[in-house]
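Here is the structure we will look at, set down as structure tokens.
The values are calculated or read from the model by the stated rules, or taken from the named source; none is laboratory data. Model, not experiment: these values are computed from the prediction. Ideal geometry is used to build each Cβ from the backbone, glycine not excepted, and the neighbour counts take in all protein chains shown.
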């Protein structure tokens with residue numbers, strides 16, 4: 001059984017095919033129920049782009065989890081891995097394109113319309129295993145590439161930013177759901193800064209108003225969603 005646990009902002013713990021994966025691990029965010037030293041069983045850390053609220057506590061977590069691997073766009077993976085002082089064998093730098101295979105999990109970096117603090121390009125990420133396919137959009141505006149992501153990867157679950165100002169707001173995120181057609185959409189990247197005005201309830205209403213075959217699941221920080229799409 002797969003499980004997604006929300007840690008606030010864009011940080012998620014994904015349990016997939018027996019692997020424990022952290023995505024955009026800013027665990028010092030004001031909403032997170034856990035802190036960096038609380039996570040000691042991580043297999044893979046994924047970072048979508050170089051902004052501090054997404055790189056977060058990756059270096060500390062990598063040091064605390066000596067068997068974990070780091071996955072990010074090449075330049076960012078090299079930078080964070082070097083700062084963390086981890087062995088090169090643990091640094092998996094890739095680029096936007098076909099999936100990388102990391103410990104039995106397929107991980108594909110996808111385009112995102114955003115910026116990245118001067119280190120590599122911003123990305124989203126597809127994480128695929130037997131139990132399901134999850135798309136973490138990173139920070140992005142809505143884009144037609146989402147239609148290609150739907151056609152190629154067919155994500156079961158989409159983790160979508162809705163806060164506005166820096167990313168999609170609820171209106172754009174609802175359009176993203178229409179383009180992606182996932183079974184489940186989970187909103188993220190809201191309520192952590194005053195400037196992020198998007199509300200998950202508005203996002204849910206907008207998706208429902210489109211009569212799309214997607215369930216919107218609103219997770220409070222610390223809550224989880226279980227899934228198994230292998231059946």
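For the stretch 158-202: of the residues being touching a residue at least 60 places away in the same chain (Cβ under 8 Å) and assigned to a loop (DSSP other than H, G, I, E, B), which is nearest to residue 140 (Cα to Cα)?
The selected residue is 189.
Looking at the stretch 114-135 only, could you name the residues that are farther than 15 Å from residue 78 by Cβ and part of a loop (DSSP other than H, G, I, E, B)?
114, 115, 122, 130, 131, listed by residue number.
Okay, residues lined up against (1) within 18 Å of residue 127 (Cα to Cα); (2) buried (at least 16 other Cβ atoms within 10 Å of the Cβ); (3) in contact (Cβ under 8 Å) with a residue 40 or more places away in the chain; (4) touching a strand residue (DSSP E or B) at 6+ places or on another chain (Cβ under 8 Å):
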| site | (1), (2), (3), (4) |
| --- | --- |
| 2 | yes, yes, yes, yes |
| 5 | yes, yes, yes, yes |
| 8 | no, yes, yes, no |
| 18 | yes, no, no, no |
| 25 | yes, yes, no, yes |
| 45 | yes, yes, no, yes |
| 106 | yes, no, no, yes |
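Sort out which residues of the stretch 203-219 are over 16 Å from the mean Cα position of the chain (by Cα) and part of a loop (DSSP other than H, G, I, E, B), and write them in order of number.
Answer for the stretch 203-219, where residues must be over 16 Å from the mean Cα position of the chain (by Cα) and part of a loop (DSSP other than H, G, I, E, B): 210, 211, 212, 213, 214.
Check off (1) more than 24 Å from residue 30 (Cβ to Cβ); (2) at pLDDT 95 or above for residue 118 and give me the number that stays unchecked.
Just one mismatch for residue 118, condition (2).
Take residue 139 and tell me if it is more than 18 Å from the chain's Cα centre (by Cα) and at pLDDT 95 or above.
no
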